[in-house]
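Engineer: The structure under discussion is supplied below as C-alpha cells; questions concerning it will follow.
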Amino acid sequence: LLREYSGFGGLKCILNPTQTELDTAYWSKSEMELYPLVSELHKLIREHSTSEQEYRRYFGSLKSSILTAFYTPPQVVQAIADTLSDNDILPARFLDPSAGNGAFATAFKQKFPQSETLCFEKDLITGKILSHLHPQAKIHICGFEEIENHPSNKFDVISSNIPFGD
C-alpha cells in the first residue's frame, strides 16, 4: 500500500476546511464526494501528531505535495538500472538527492543488491514512507540542498528526478 503513495498532486481539495459540516460550503460539487475522506485524513493526522506544530508540518507536507509531487514511472527507472547493468556499471554507492517514494532505490537495490543507498527526501510524509519502504537505505528527511557536510563525498551513481520549483 505504501508503494502506491504518490502525493496529492491532483487533490487540491485537501486544503479545504473540514472542521464542521458548515465547511462543506467551501467545497465544489465535484469534490464533495471526497469530503468524508479528506475529513478522515485530517482527523488521522491530528490523532497521530504529538503537537499542533507537528500537525502543521504534516499538513505543510501535504500542501507541498500538491504542487511538487511527481514520481518517476517504475519502467523509466528500471530502464536506467538495466542500462547501467548491461554496460557493466555496478555501483557500490548510490545517491538519490530527491528520492520520493524510492523508485530509484527499489530498482537499484533489485539490480545491485550489494550497493549502499543514500536517499534524501524533503517532504516529511513522503520521507517517512520512504524510510518504511527502504529500511536498509540511509534516509535523510530534508532537502539535499540543506546538508552542510556530506559524510562521504564519493558515489558511483547519482540518479534522480528532482522537481524543479521551490
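The values are calculated or read from the model by the stated rules, or taken from the named source; none is laboratory data. Computed from a predicted structure; not experimentally measured. Neighbour counts are summed over all protein chains in view; Cβ atoms, including those assigned to glycine, are modelled from backbone coordinates with ideal geometry.
Engineer: Of everything in segment 14-54, what is part of a loop (DSSP other than H, G, I, E, B) and touching a residue at least 24 places away in the same chain (Cβ under 8 Å)? Give them in sequence order.
Structural biologist: First, pick out the residues of segment 14-54 that are part of a loop (DSSP other than H, G, I, E, B): 16-20, 27-28, 48-51.
Within segment 14-54, THR18 is the sole residue that qualifies.
Engineer: Next up: Is there a residue being touching a Leu at 6+ places or on another chain (Cβ under 8 Å), modelled with pLDDT under 95 and surrounded by 14 or more Cβ atoms within 10 Å (Cβ to Cβ) anywhere in segment 64-75? Full working, then the answer.
Structural biologist: Narrowing segment 64-75 to residues touching a Leu at 6+ places or on another chain (Cβ under 8 Å): 66.
Filter again for modelled with pLDDT under 95, leaving 66.
With the extra rule that they be surrounded by 14 or more Cβ atoms within 10 Å (Cβ to Cβ), the set shrinks to 66.
Looking for residues that are touching a Leu at 6+ places or on another chain (Cβ under 8 Å), modelled with pLDDT under 95 and surrounded by 14 or more Cβ atoms within 10 Å (Cβ to Cβ), one finds at least one in segment 64-75, hence yes.
Engineer: Regarding PRO91, is this residue more than 20 Å from GLU146 (Cβ to Cβ) and either outside the structural domain of PRO135 (by TED's automatic domain parsing) or exposed (fewer than 11 other Cβ atoms within 10 Å of the Cβ) (or both)? Even if it seems obvious, please write down each step before you answer.
Structural biologist: Details: more than 20 Å from GLU146 (Cβ to Cβ): yes; either outside the structural domain of PRO135 (by TED's automatic domain parsing) or exposed (fewer than 11 other Cβ atoms within 10 Å of the Cβ) (or both): no.
Spelling it out, it is not the case that PRO91 is more than 20 Å from GLU146 (Cβ to Cβ) and either outside the structural domain of PRO135 (by TED's automatic domain parsing) or exposed (fewer than 11 other Cβ atoms within 10 Å of the Cβ) (or both).
Engineer: Can you tell me which of (1) exposed (fewer than 11 other Cβ atoms within 10 Å of the Cβ); (2) under 25 Å from CYS142 (Cβ atoms); (3) modelled with pLDDT under 85 is the one SER51 doesn't meet?
Structural biologist: All conditions pass for SER51, except number (3).
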